[in-house]
Amino acid sequence: MTKEIIKRIEVILILFAVLMVGIGVKSLAVDYTCTLTITPDTTQIKAGESVTLSIQVSDIEAGDGIAIFNTTLEYDADVFDLKVQPDSAGAWTGTVLENSITITKADYEATSEDQEIGKVVLTAKQDVTLGEQTISFTKNEFSDANTTFSVEDVSTTVEIVEETNPGGNNTSGGNTNTPGGNTNTPGGNTNTPSTNTNVPSGNTNIPSGNANGGNSSVNYSNSGIVNSGKSNNILPKTGTLQNCLIGAIAIMVVIAVGFYIKYRKSY
């Protein structure tokens, strides 16, 4: 066997060894796996409200574990505003560029523990179309320091519902009342117009005030006539009394003058 043939065999063996190593590494990466779960904190929201999607990883079988997660979020950007939050334990940090999300272990150390690795918050915009919205995590890739592997797409749904009674659970004005508070007849209590039932002028009087003809029966011929307020008894007229007094005074003056003249003559 010549030296040239030996060299050719050596080259073939080297190429075969490199090929086998490459196939072995690829097969190892294919065997890496984990379970990706997306859990919303609610399935119904209204305009202006938010839904938080918890990103959880479990059943990690990937050598030393995972340290990086990359995903593409498919959602309607006209309906939702997007932001990324850290996981509840603060072990992972996230960044977002348009709809591409990268979540990285804070200490860059790979882990195989089941855990939450981040949160995605979607806030429904005002004046959005009502109905069900689908949010999908696609092109999901996990990595450690040496190997990257992919998992299947994961989706969840959120329904945007209509506002019910924007002012609360009451009819307009708070409690349902009739105008004015309690239900009353106009003016408060229901009364007859003049309170007590009386004849028009108060008391019914007999015009003359005396029994007619000396009999005990009363003359009711004019009963019901309104009392004018004048007395039925005839009183002396004021002018006659004044004239009598003036005459008496004049006589007393004449008598007094007579006595005075007589007195003067006697002295």
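Here, each number is a calculation from the coordinates, and none is a lab measurement. The structure displayed is predicted, hence computed values, not measured ones. Cβ sites come from the backbone with ideal geometry, for glycine too, and all protein chains shown count toward neighbours.
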Name the chymotrypsin sites (Phe, Trp or Tyr not before Pro) in the range 42-130 that are in a loop by DSSP and that have at most 11 other C-beta atoms within 10 Å, would you? Tyr108
Using only the Cα atoms of the range 32-160, what semi-axes does the equivalent ellipsoid have when each is the square root of 5 times a gyration tensor eigenvalue? Give whole Å, largest first. 28, 13, 12
If the chain between Ile249 and Asn70 were fully stretched, how many nm would it gain, using 0.36 nm times the residue separation less the Cα-Cα distance? 50.6 nm
Set the Förster radius R0 to 25 Å, insert the Cβ-Cβ distance between Thr37 and Glu113 as r into 1/(1 + (r/R0)^6), and round the FRET efficiency to 0.05. 0.95
For the range 32-160, the charge dipole (Cβ of Lys, Arg +1; Cβ of Asp, Glu -1; about the Cα centre) points to a positive end, and the Cα of Gly63, Thr95, Thr129 closest to that extreme belongs to Thr129
Reachable aspartates and glutamates from Lys105, Cα under 12 Å, same-chain residues fewer than 8 places away excluded? Asp87, Glu116, Asp144
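Roughly speaking, what is the stretch gain from Asp78 to Thr95, that is 0.36 nm per residue apart minus the C-alpha to C-alpha distance, in nm to one decimal? Walk me through the intermediate numbers first.
Values: separation 17, 0.36 × 17 = 6.12 nm, distance 2.07 nm.
Extending this stretch completely gives an extra 4.0 nm.
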To the nearest 20 debye, what charge dipole does the range 32-160 have about its Cα centre, counting +1 at the Cβ of each Lys and Arg and -1 at the Cβ of each Asp and Glu? 320
Apply 1/(1 + (r/R0)^6) to the Cβ-Cβ distance of Glu141 and Ala47, taking R0 = 41 Å, and write down the FRET efficiency to the nearest 0.05. 0.75
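Stretched out fully, how many nm does the piece from Thr134 to Thr2 gain, at 0.36 nm a residue minus the Cα gap? Mind dumping the intermediate values first?
Values: separation 132, 0.36 × 132 = 47.52 nm, distance 6.95 nm.
So the extension gain works out to 40.6 nm.
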Relative contact order as a percentage, the range 32-160, C-alpha pairs under 8 Å and 6+ apart, gives 35
Restricting to aspartates and glutamates and to Cα separations under 18 Å from Lys46, and discarding same-chain partners fewer than 8 apart, the set is Asp76, Asp78, Asp81, Asp127, Glu132, Glu159, Glu162, Glu163
